[in-house]
Amino acid sequence: MTAAQELVLVGGGHTHALVLEGWARDRLPGVALTLVTPEPTAPYTGMLPGFIAGHYPRDTLEIDLAHLCERAGARLLRARVTGLDRAARRLHLSDGTALPYDIAALDVGITSDLPQLPGYTEHAVSAKPLGNYARRWEAWRAHVAAGAVSPRIAVIGGGVAGVELALAMAHRLRDLGAEITVIEAQRMLPNIGARARKRLLAHLDHARVRCLEQAEVTEISPDGVSLQDGTQIAASLVLGAAGSRPQDWLRDTGLHLTDGFVTVGPTLQAVQDAAIFAVGDCAHMAHAPRPKAGVYAVRQAPVLQANLRAALTGGPMRRYTPQRDYLKLISLGDRRALADKWALPLEGRWLWWLKDRIDARFMAQFRA
């Protein structure tokens, strides 16, 4: 009897969730599929601001990976990958064991932590991974409601993610006299159109969110944030949303990395190793570099699924060519959203409705 080929999906990102959903509908005989991820669920990034603002309950964010694995006939291994032995084709796990693979795909996302900042690990929480932030937010709100801490928040990072979450938190805390400060080391909202930027800054002002540009954070303490010029920002919750950082263990894999992210070609295979695929935020598409965005992860899914099958059966590979621009729907805290594409901003409740429909349709496919 021929041994089954081992296909291992590392990480429960959106691309892998969609691959599992597709595998459930069309399994490949002779292949043993394993998903390695620390948690049995994964939060959907698109709905996080709505949850923070109070528009969605916590469970609506969660993609049930355990259920997807059951449907797909896959093994769910709750562990973290800490290393990769490409010569032996083994993944090293956090419990000290090793997992063999014939083909492996990485969808391990990114982190927005700032470990180089003194006090960050002890006194701050990162926006990514999302699950930890969601838990900390609920616990912090309970402390505020009990009068144990003051409703003061510092957000490190003035990009779209930091601004969107600041507006969501301001909306949720609107009756509590919350003080929210967004701290940006350079210029606020550098990566969106000028007109959309102007509107978002106006929304921050209307929500009484304070913005500090060209401000360098030097330390996090239990009382808040210290800036290089000596300014002290009082905060009982410090949120890190400044850019993205690759997972540390990727450095020792021997794979070609671009700024720490796995370099892949148009077939989504690592440029140095055809047995390794990488997708989502942990990958750098050398053939078509793009910013980190969930829309690319979602659209990589059918190509990844086809190419995993091709790698296992010897069939032809598909190319992934990402779009150059995409519709950015940015939550404004209340049930309104702003759209930015081709430097033409629009906003209103109808855009929130559109975003809500898109998110609901995305999540519905995992609940069959």
* Highest mean first, what order results for 144-152, 122-130 on Cβ atoms within 10 Å? -> 122-130, 144-152
* Structure fact -> Cα extents of the range 120-242 along the principal axes, largest first, in whole Å, come to 41, 30, 27
* Asked: If you count, for each residue, the other Cβ atoms within 10 Å and average over each peptide, how do 99-108, 18-27, 246-255, 47-56 line up from highest to lowest?
  -> 99-108, 47-56, 18-27, 246-255
* To do: Please turn the phi angles of the range 178-192 into ³J(HN,Hα) values with the Karplus equation 6.51 cos²θ - 1.76 cosθ + 1.60 (θ = phi - 60°), one per residue in order, whole Hz, x for glycine and proline.
  => 5, 10, 10, 10, 9, 10, 10, 5, 10, 10, 4, 6, x, 10, 10
* Structure fact -> Cα-based Rg/(2.2 N^0.38 Å) for the chain, rounded to two decimals, is 1.02
* Rounded to the nearest 20 Debye, what is the dipole magnitude of the range 120-242 about its Cα centre when Lys and Arg each give +1 and Asp and Glu each give -1 at the C-beta? -> 600
* Options GLY131, ALA215, LEU239, ranked by Cα towards positive dipole end of the range 120-242, top entry (Cβ charges) -> GLY131
* Structure fact -> Per the helix-only model, the chain has a calculated mean residue ellipticity at 222 nm (DSSP H runs of ≥4, -39500 (n - 2.57) each, divided over all residues, rounded to the nearest 500) of -9000 deg cm²/dmol
* How do the peptides 190-196, 66-72 rank, highest first, by the average count of neighbouring beta carbon atoms within 10 Å per residue? -> 66-72, 190-196
* Structure fact -> The answer for ALA235, listing residues at least 5 apart or on another chain whose modeled amide H is closer than 5 Å to its amide H, is GLY224, VAL225
* Given charges at Cβ of Lys, Arg, Asp, Glu: the chain dipole, positive-most of THR258, GLY193, ALA4 -> GLY193
* Structure fact -> Across THR111, THR263, THR231, the residue with the highest GNM fluctuation in the chain (Cα network, 10 Å cutoff) is THR231
* Gained length - ALA275 relative to LYS341, 0.36 nm times residue gap less alpha-carbon distance -> 20.1 nm
* **Pairwise FRET efficiency - ARG25 versus ALA310, Cβ, R0 = 22 Å, nearest 0.05** => 0.80
* To do: Determine ³J(HN,Hα), in whole Hz, for all residues of the range 272-278 in sequence, where each value follows from phi through the Karplus function 6.51 cos²θ - 1.76 cosθ + 1.60 and θ = phi - 60°; x replaces Gly and Pro.
  => 9, 8, 5, 8, 10, 10, 9
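Using the Cα centre as the reference, give the magnitude of the dipole from point charges on the C-beta atoms of the chain (Lys, Arg: +1; Asp, Glu: -1; all else neutral), rounded to the nearest 20 debye. Present the calculation step by step, with values, prior to reporting the outcome.
Details: 42 positive and 36 negative charges, 252 e Å.
Its charge dipole is roughly 1200 debye.
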* Asked: Counting only residues 5 or more places away or on other chains, whose amide H sits under 5 Å from the amide H of GLU219 once H atoms are built in the peptide plane?
  -> SER226
* **Under-5 Å amide H pairs with LEU84, H placed in peptide plane, nonlocal only** => HIS92
* To do: Tabulate in residue order the Karplus-calculated ³J(HN,Hα) for the range 283-293, using 6.51 cos²θ - 1.76 cosθ + 1.60 with θ = phi - 60°, rounded to whole Hz; enter x for Gly and Pro.
  => 10, 10, 7, 5, 7, 7, x, 9, x, 6, 7
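Quick note: the coordinates plus some simple rules give every number you see, no bench work behind them. Since this is a predicted model, take the numbers as computed values, not measurements. With ideal geometry, Cβ positions are generated from the backbone for all residues, glycine too; neighbour counts draw on all protein chains shown.
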